[in-house]
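Pasting a structure below so you can have a look.
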Amino acid sequence: MRVIGLMSGTSYDAIEAAAADLTLDGDTLLLRPLGHLSVPYPDDVRELIAATLPPAATTTQAVCALDTGIGQAFAGAAGRALRELCDGAADLVVSHGQTMHHWVEDGTVRGTLQLGRPAWIAEATGLPVVSDLRSRDVAAGGQGAPLVGMTDTLLLRALPGTPAALNLGGIANVTVLAPGAEPLAFDTGPANALLDAAVRHFTDGAAAYDEDGRRAAAGRTVPELLALLLDDPYYGRPAPKSTGKELFHLPYLLRALDALPAPGPGPDDVLATLTRLTAVTVADACRAHGVTELVVSGGGVRNPVLMGMIAEELPNVRLRPSDDLGIPSDAKEALAFAVLGFLTVNGLPGALPSGTGARRATLLGSITPGLSPLRLPEPAERAPRLLRVTGPAG
């Protein structure tokens with residue numbers, strides 16, 4: 001089955017599209033990457049997302065406009081992927097949509113909202129669309145995140161020791177596969193969320209991120225600020241757990257800076273400290289679970305200062321990009337959601353209860369038919385245990 005996966009993370013800078021041929025072969029899921037592309041959001045949609053994300057107040061009119069605007073943007077990305085990656089022929093599109101709110105109270109997820117109406121994608125491509133993949137796990141008592149845990153687990157099972165997969169998006173998440181234990185997946189805390197917010201703040205919007213970590217490299221870690229940030233109760237909560245920009249946003253950072261004695265640290269020192277915060281919280285999570293190897297993906301891989309700090313914090317852990325295993329680090333999440341949609345249409349659960357805390361493993365998402373009547377495959381006889389990449393990273 002040829003599947004297109006669409007993903008936009010908490011950084012909301014672009015829509016990532018990846019295509020793959022997926023086949024079940026006994027207990028192995030075979031994945032052949034067909035390529036990936038990144039499609040920036042239209043300026044007006046990106047600006048509306050920024051103006052609507054927590055802690056901002058909004059209106060149902062803005063939510064409706066976003067649902068349409070994001071859906072149309074995803075439809076455009078899907079159309080490009082269909083033409084440029086699939087030679088015009090595919091069987092399924094899987095859309096994560098754009099997370100606008102992840103509702104967590106006292107560690108329990110009450111709901112989660114991803115916008116981007118799938119009807120626009122189905123109409124533009126003629127293909128069936130699997131969307132809204134998080135809600136069913138939440139309804140079953142789970143966190144609804146991180147859903148990459150299933151794909152990570154299938155990929156990591158071939159590795160020795162206690163391997164883990166780390167994704168560095170707006171939020172950092174890890175999947176840990178220890179021998180003799182159920183897989184564990186959880187959000188460790190912010191990766192780029194606070195960094196990007198700080199850069200936008202200090203540059204009055206002229207820059208969106210710290211390119212190559214240059215400003216962090218020019219600064220120094222401020223121990224007082226780092227200690228204050230590390231004191232957040234989130235880090236002490238047991239897994240499974242999830243978080244988002246509902247917690248880690250600019251006002252959160254500004255409150256921490258206001259708590260420091262005047263005159264306070266300079267911008268580069270703040271960025272150095274936030275980079276170190278991500279490295280420390282990732283390393284603490286890895287040490288707590290005895291991780292021996294870390295397979296890294298996401299936008300943070302392109303930040304050499306962040307990667308260097310993680311390596312400093314984990315001197316005895318091997319770090320390597322997911323590209324080494326055939327999964328392009330920039331396309332990992334889009335491919336992961338392609339896998340989840342493939343599992344759904346084949347009648348297989350896509351969430352790991354040990355990773356999300358759900359009462360049971362559930363089939364994820366809702367299916368929007370394409371131009372033709374919806375015909376699903378016969379349910380698969382058994383779920384895969386391994387993922388094998390059959391082509392080079394593209």
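Amide H of THR362: which non-local residues (sequence gap of 5 or more, or other chain) have their own amide H closer than 5 Å, using H built in the peptide plane?
GLY350, ALA351
On a 1.4 Å probe surface of the protein chains, which of THR10, THR58, THR344 comes out largest in accessible area, and what is the full order? Kindly include the intermediate steps, with their values, before the conclusion.
Details: THR10 40, THR58 70, THR344 15 Å².
Ranked from most to least accessible, the order is THR58, THR10, THR344.
Put a dot 7 Å past each Cα toward the Cβ at ARG200 and GLU378; how far apart are the dots in nm?
Output for this residue pair reads 5.1 nm.
Could you run the Karplus curve 6.51 cos²θ - 1.76 cosθ + 1.60 with θ = phi - 60° over region 242-248 and give me ³J(HN,Hα) per residue in whole Hz, x for Gly and Pro?
8, 8, x, 6, 5, 9, 9
Where the eigenvalues come from the Cα gyration tensor of region 332-375, what are the semi-axes √(5λ) of the equivalent ellipsoid, largest first, in whole Å?
Values: eigenvalues 101, 35, 11 Å².
They are 22, 13, 7 Å, listed from largest to smallest.
How big is region 75-231 on each of its three principal axes, counting only the C-alpha atoms and giving the largest first in Å?
So the extents along the principal axes, rounded to whole Å, are 55, 48, 35.
Helix-derived [θ] at 222 nm for the chain: sum -39500 (n - 2.57) over DSSP H runs of at least 4, divide by residue count, nearest 500? Write down the numbers at each step before the final one.
On the way: 13 runs with 138 residues, N = 394.
For the chain, the value works out to -10500 deg cm²/dmol.
With every protein chain present, what accessible area does MET150 have (1.4 Å probe, heavy atoms only), rounded to the nearest 10 Å²?
30 Å²
Find out how many positive minus negative residues lie around PRO163, taking Lys and Arg as positive, Asp and Glu as negative, among other residues whose Cβ is under 11 Å from that of PRO163. Let's see the in-between values first.
Numbers: positive: ARG157, ARG318, ARG320; negative: ASP152, GLU293.
Around PRO163, the surrounding residues sum to +1.
In whole Å, what are the Cα extents of region 54-139 along the three principal axes, biggest one first?
Taking max minus min along each principal axis of the Cα atoms, region 54-139 gives 47, 28, 17 Å.
Stretched out fully, how many nm does the piece from LEU159 to ALA218 gain, at 0.36 nm a residue minus the Cα gap? Don't skip to the answer; put the middle values down first.
Details: separation 59, 0.36 × 59 = 21.24 nm, distance 3.70 nm.
Net length gain for the segment: 17.5 nm.
Give the distance, in whole Å, between the Cα centre of region 218-239 and the Cα centre of region 342-388.
Between the Cα centres of region 218-239 and region 342-388 lies a distance of 38 Å.
Follow-up. Over region 269-394, what is the mean sequence separation of C-alpha contacts under 8 Å (at least six apart), divided by residue count, expressed as relative contact order in percent? All intermediate terms of the calculation are to be shown ahead of the outcome.
Numbers: 118 pairs, mean separation 26.2, N = 126.
Worked out over region 269-394, it gives 21 percent.
At a 1.4 Å probe radius, which order do GLU293, GLU123, GLU333 fall into by accessible area, largest first?
Details: GLU293 15, GLU123 135, GLU333 45 Å².
So, going from the largest accessible area down, we get GLU123, GLU333, GLU293.
I would also like to ask the following. Find how many whole Å separate the alpha carbon centroid of region 1-70 from the alpha carbon centroid of region 283-320.
After rounding, the separation between the Cα centres reads 26 Å.
Moving to a separate point now. Ratio of alpha-carbon Rg to the 2.2 N^0.38 Å globular estimate for region 283-394, to two decimals, please.
Values: Rg = 17.7 Å, N = 112, 2.2 N^0.38 = 13.2 Å.
Normalised by 2.2 N^0.38 Å, the Cα Rg of region 283-394 equals 1.34.
Starting from the exponent 0.38 and prefactor 2.2 Å, build the expected Rg for region 128-198 from its residue count and divide its actual Cα Rg by it.
Working: Rg = 14.0 Å, N = 71, 2.2 N^0.38 = 11.1 Å.
With N residues counted in region 128-198, Rg over 2.2 N^0.38 Å equals 1.26.
Continuing with the same structure: What's the extension gain from ARG360 to ARG237 if we count 0.36 nm per residue and subtract their Cα-Cα distance?
On the way: separation 123, 0.36 × 123 = 44.28 nm, distance 2.17 nm.
So the chain would gain 42.1 nm between ARG360 and ARG237.
Report the Cα-based extents of region 89-144 along its three principal axes, largest first, to the nearest Å.
Principal-axis extents of region 89-144 (Cα, largest first): 45, 19, 12 Å.
In square angstrom, rounded to the nearest 10, how much accessible surface does TYR209 have for a 1.4 Å probe?
Accessible surface of TYR209 is approximately 130 Å².
Would you calculate the separation in nanometres between label points at GLU312 and THR292, each defined as 7 Å from the Cα along the Cα-to-beta-carbon direction?
2.8 nm
Can you give the convex hull volume of the alpha carbon atoms of region 232-320 per residue, in Å³? Can you show the working numbers first?
On the way: hull volume 11.0 nm³, N = 89.
Enclosed volume per residue, from the Cα hull, is 124 Å³.
Of the labelled options (1) 36, 22, 20; (2) 45, 21, 18; (3) 32, 24, 19, which one gives semi-axes √(5λ) of the Cα gyration tensor in Å as computed for this structure?
Recomputing semi-axes √(5λ) of the Cα gyration tensor in Å here gives the entry labelled (3).
Using each residue's phi in region 26-42, evaluate 6.51 cos²θ - 1.76 cosθ + 1.60 at θ = phi - 60° and report the 3J(HN,Hα) Karplus result to the nearest Hz, with x for Gly and Pro.
Working through the residues one at a time gives x, 9, 10, 9, 8, 10, 10, x, 10, x, 8, 8, 10, 10, x, 5, x Hz.
Can you compute 3J(HN,Hα) from phi for each residue in region 49-66, using the Karplus curve 6.51 cos²θ - 1.76 cosθ + 1.60 with θ = phi - 60°, rounded to whole Hz and x for Gly and Pro?
4, 4, 6, 9, 4, x, x, 5, 7, 8, 10, 5, 4, 5, 4, 5, 4, 5
At a probe size of 1.4 Å, how large is the accessible area of LEU352, to the nearest 10 Å²?
Roughly 40 Å² of LEU352 is accessible to a 1.4 Å probe.
How big is D for region 176-251, in µm² s⁻¹ as a whole number, if Stokes-Einstein is applied with the Kirkwood radius of its Cα pairs at 4 °C and 1.567 mPa s? Each step should come with its number before you reach the end.
Details: Rh = 14.7 Å.
Diffusion coefficient, whole number: 88 µm²/s.
The values are calculated or read from the model by the stated rules, or taken from the named source; none is laboratory data. Small disclaimer: the values here were computed from a predicted structure and weren't measured. Virtual Cβ from ideal backbone geometry, glycine too; neighbours counted across all protein chains shown. SASA here: full protein model, heavy atoms, side chains in, ligands and nucleic acids out. Shrake-Rupley method; radii C 1.70, N 1.55, O 1.52, S 1.80 Å.
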